[in-house]
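Trainee: This is the structure I want to talk about, given as structure tokens.
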């Protein structure tokens, strides 16, 4: 009976959390609205009240990841730093930590949504917000450093690839973090010589 007293927002958050557990334990293909209803102990119409389709549910999972990643990034870069390397390392550490914490779940969600217009828009919006937080953090550390548009594309691609590799266990999180730091420093330094990371 207590379950019925959940607010709409709390119920949605609960369903997203259970959906993540299903993906972690059974894989993305196992996640259907009917299976989610069973796992949550509620009727299918209640699930449909929150998610009109499986794609809508998967998109909510992606958005949940995005919100947590941005919150982690803001927290990691919140302290003012006069050292560009420290700020860039904080960005790299937050990126790897968040991606490793998702395991391979995020990859499965994105693969299932690949090619859908809603995901493409969500990804573009997410990347824009992410890059803006990075850009602000970098400027606080060094006003002469810049993450321009093409550098941002290179950074996000490299950071995501390295983060996914760390999540799969192909490389260690420490290697992913150090490599992202090296790449981002090179991209923002504007041709200035940099000492090696390490």
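The values are calculated or read from the model by the stated rules, or taken from the named source; none is laboratory data. Small disclaimer: the values here were computed from a predicted structure and weren't measured. As a convention, Cβ positions derive from the backbone with ideal geometry for all residues, glycine included, and neighbour counts pool all protein chains shown.
Trainee: Between 143, 174, which is more than 14 Å from the chain's Cα centre (by Cα) and at pLDDT below 95?
Mentor: Working: 174 fails: at pLDDT below 95.
That would be 143, the only listed residue that is more than 14 Å from the chain's Cα centre (by Cα) and at pLDDT below 95.
Trainee: Among the residues of the stretch 1-41, count how many are free of Cβ contacts under 8 Å to residues at least 12 places away in the same chain, outside any helix (DSSP H, G or I) and touching a helix residue (DSSP H, G or I) at 6+ places or on another chain (Cβ under 7 Å).
Mentor: 1
Trainee: Do we find that residue 80 is out of contact with any strand residue (DSSP E or B) (no Cβ under 6 Å at 6 or more places or on another chain), at pLDDT below 95, surrounded by fewer than 20 Cβ atoms within 10 Å (Cβ to Cβ) and not in a helix (DSSP H, G or I) in this structure? Outline the logic, then answer.
Mentor: Numbers: out of contact with any strand residue (DSSP E or B) (no Cβ under 6 Å at 6 or more places or on another chain): yes; at pLDDT below 95: yes; surrounded by fewer than 20 Cβ atoms within 10 Å (Cβ to Cβ): yes; not in a helix (DSSP H, G or I): yes.
In short, yes.
Trainee: If you take the residues in the stretch 130-141 that are in contact with a helix residue (DSSP H, G or I) (Cβ under 6 Å, 6 or more places away or on another chain) and without any contact (Cβ under 8 Å) to a residue 60 or more places away in the chain, which one is surrounded by the most Cβ atoms within 10 Å (Cβ to Cβ)? Quick ask: steps written out before the conclusion?
Mentor: Here is the first cut: in the stretch 130-141, the ones in contact with a helix residue (DSSP H, G or I) (Cβ under 6 Å, 6 or more places away or on another chain) are 131, 133-134, 137-138, 141.
Applying the additional criterion that residues be without any contact (Cβ under 8 Å) to a residue 60 or more places away in the chain yields 131, 138.
On the way: 131: 17, 138: 23.
The extreme case among them is 138.
Trainee: Which numbered condition trips up residue 189, out of (1) touching a residue at least 12 places away in the same chain (Cβ under 8 Å); (2) within 23 Å of residue 55 (Cβ to Cβ)?
Mentor: (2)
Results for (1) surrounded by fewer than 16 Cβ atoms within 10 Å (Cβ to Cβ); (2) farther than 19 Å from residue 177 by Cβ, shown as yes or no for each residue.
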| residue | (1), (2) |
| --- | --- |
| 26 | yes, yes |
| 37 | no, yes |
| 55 | yes, yes |
| 68 | yes, no |
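Trainee: If a residue must be in a helix (DSSP H, G or I) and over 17 Å from residue 179 (Cα atoms), how many such residues does the stretch 144-162 contain?
Mentor: Restricting attention to the stretch 144-162, the residues satisfying the condition of being in a helix (DSSP H, G or I) are 149-162.
With the extra rule that they be over 17 Å from residue 179 (Cα atoms), the set shrinks to 149-150.
Here the count works out to 2.
Trainee: Sort out which residues of the stretch 42-57 are under 25 Å from the mean Cα position of the chain (by Cα) and either part of a helix (DSSP H, G or I) or in contact (Cβ under 8 Å) with a residue 40 or more places away in the chain (or both), and write them in order of number.
Mentor: Narrowing the stretch 42-57 to residues under 25 Å from the mean Cα position of the chain (by Cα): 47, 50-57.
Of everything in the stretch 42-57, those that are under 25 Å from the mean Cα position of the chain (by Cα) and either part of a helix (DSSP H, G or I) or in contact (Cβ under 8 Å) with a residue 40 or more places away in the chain (or both) turn out to be 47, 50, 54, 55, 56, 57.
Trainee: Pick out the one residue from 133, 180 that is within 14 Å of the chain's Cα centre (by Cα) and within 20 Å of residue 83 (Cβ to Cβ). Steps first, please.
Mentor: Working: 180 fails: within 14 Å of the chain's Cα centre (by Cα).
From the options 133, 180, the qualifying one is 133.
Trainee: Across the stretch 83-106, which residue is modelled with the highest pLDDT among those that are surrounded by 16 or more Cβ atoms within 10 Å (Cβ to Cβ) and more than 19 Å from residue 175 (Cα to Cα)?
Mentor: Top of the filtered list is 84.
Trainee: Now for a different question. Within the stretch 151-159, identify whether any single residue is at pLDDT below 90 and in contact with a helix residue (DSSP H, G or I) (Cβ under 7 Å, 6 or more places away or on another chain), and answer yes or no. Write out each step before concluding.
Mentor: Keep residues of the stretch 151-159 that are at pLDDT below 90, which gives none.
Within the stretch 151-159 (the criterion being at pLDDT below 90 and in contact with a helix residue (DSSP H, G or I) (Cβ under 7 Å, 6 or more places away or on another chain)), the answer is no, since none of the residues qualifies.
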